[in-house]
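First comes the structure, then the notes that go with it.
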Amino acid sequence: MDQNNEKLLQTQEPEAAEASAVADNEPLDKNVRLMSPGRMVMRRFFRSKLSVIGLIMIVSLFLFCWLGPVVYTAWGETEQDTSGKVEYTRQEVTYTKDGQEFTFVQVTERGVTINSLAEPDGNHILGTDKGGRDVFTRLMYGGRISLMVSFIAVFAITLFGIVFGGIAGYFGGVVDNIIMRVCDILMCLPGFPILLIIGTLLDSAGVESQFRIYYLMAYLTLFSWPGTARLVRGQILSLREQEYMVAAEAMGYSIPRKIFKHLIPNVMPQLIVSMTLSLGSMILYEASLSYLNMGVRAPYAAWGTMINIVAEDPNILQNYINVWGPPGVCIIIAVLGFNFVGDGLRDALDPKMRR
């Protein structure tokens with residue numbers, strides 16, 4: 001390498017310098033530090049402004065939902081504000097004694113009125129809902145349920161997809177046909193009508209409101225894994241004929257080792273992107289179920305449940321944006337954040353991307 005090319009190589013970024021030296025079939029300069037594949041992926045990811053913004057949005061939501069109640073401890077998720085005025089009933093009672101008529105007033109206390117739909121103030125940052133519960137507190141606890149359910153469902157879908165897709169792609173033949181036909185059947189079933197039937201069955205079984213959403217998300221997991229299984233199967237069909245798989249066969253490795261140690265790791269970049277993008281969709285699923293009154297029910301909170309109050313009372317939609325606006329904003333932030341991160345990971349894991 002002449003002097004000009006050597007200076008150019010030293011001024012290049014490590015990733016570009018490595019590619020240039022390999023292309024020229026020349027040894028790397030000792031001053032050039034090689035980068036691991038993981039570090040290269042992270043570098044590409046953090047170069048994207050949208051990826052960083054999406055990561056900040058997601059981290060902020062998690063801190064808000066899990067650490068927020070630790071700081072804002074004035075109200076609990078199900079506590080009602082009973083600081084309204086005391087109601088009294090006034091009744092005049094007249095009676096006659098010894099030929100004289102007497103009248104007295106009887107006042108009866110009827111209890112404390114719930115401070116429903118209170119305006120935002122020092123006691124309630126976002127006011128209260130029609131049940132007298134603090135909207136800001138319910139926003140934090142509701143985020144816990146929405147985010148946790150979405151993560152559990154996506155990880156379960158990915159696990160089922162890896163297992164069945166890996167088996168179908170590796171063995172092929174009859175095993176592949178059986179698994180793929182099961183996937184076809186599950187993908188043809190109507191989703192929401194079956195959800196309505198399951199919701200009715202849960203009502204008749206007397207399932208507690210805070211556990212209903214978990215049963216419904218289990219149903220979504222059961223009927224959503226075929227998409228991931230098809231993705232894994234397609235990748236493994238192309239990877240199982242590679243040279244390293246022929247070498248693994250010659251070494252006498254067991255079938256589980258060849259599938260889960262050599263094939264699945266090569267599919268993980270696509271799975272990570274798919275999982276990240278699916279998180280946003282799952283949050284929308286949970287919000288839709290709660291909006292249809294099929295998810296977590298009052299007094300417990302979820303973002304979709306908090307928006308469901310709009311469908312029950314149009315007056316709140318018109319005059320109390322502080323009740324339904326914040327959970328809608330949180331859903332938008334969560335979906336956008338996961339989509340931004342998914343797009344960033346897709347570009348970062350693409351070996352053809354040089355920027």
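The values are calculated or read from the model by the stated rules, or taken from the named source; none is laboratory data. Since the model is a prediction, treat every value here as computed from it, not as a measurement. Reconstructed Cβ throughout: ideal geometry from the backbone, glycine too, with neighbour counts over all protein chains shown.
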**Study point:** Contacts under 7 angstrom Cβ, first residue in the stretch 63-86 being under 19 Å from ALA118 (Cβ atoms), partner modelled with pLDDT of 85 or more and among the β-branched types (Val, Ile, Thr), 6 or more apart
**Key:** TYR72/THR137; TRP75/THR137; GLY76/THR137; GLU77/THR137; ASP81/THR128
**Study point:** Leading residue by the ranking (surrounded by the most Cβ atoms within 10 Å (Cβ to Cβ)) among those in the stretch 232-251 that are touching a Gly at 6+ places or on another chain (Cβ under 7 Å) and of a type in the set (A, V, I, L, M)
**Key:** VAL232
Revision key, fill the gap. Condition set surrounded by fewer than 17 Cβ atoms within 10 Å (Cβ to Cβ) and among the aliphatic types (A, V, I, L, M), scope the stretch 41-54, selection nearest to ILE272 (Cα to Cα): answer is MET42
Study note, to complete from the structure: Per the list (1) of a type in the set (S, T, N, Q); (2) surrounded by 17 or more Cβ atoms within 10 Å (Cβ to Cβ); (3) more than 18 Å from THR158 (Cα to Cα), residue check on SER254 breaks on (2)
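Of all residues in the stretch 40-60, how many are in a helix (DSSP H, G or I) and touching a helix residue (DSSP H, G or I) at 6+ places or on another chain (Cβ under 7 Å)? Explain how you work it out, then say what you get.
Filtering the stretch 40-60 for residues in a helix (DSSP H, G or I) gives 40-47, 49-60.
With the extra rule that they be touching a helix residue (DSSP H, G or I) at 6+ places or on another chain (Cβ under 7 Å), the set shrinks to 40-41, 44-46, 50-55, 57-58.
Count: 13.
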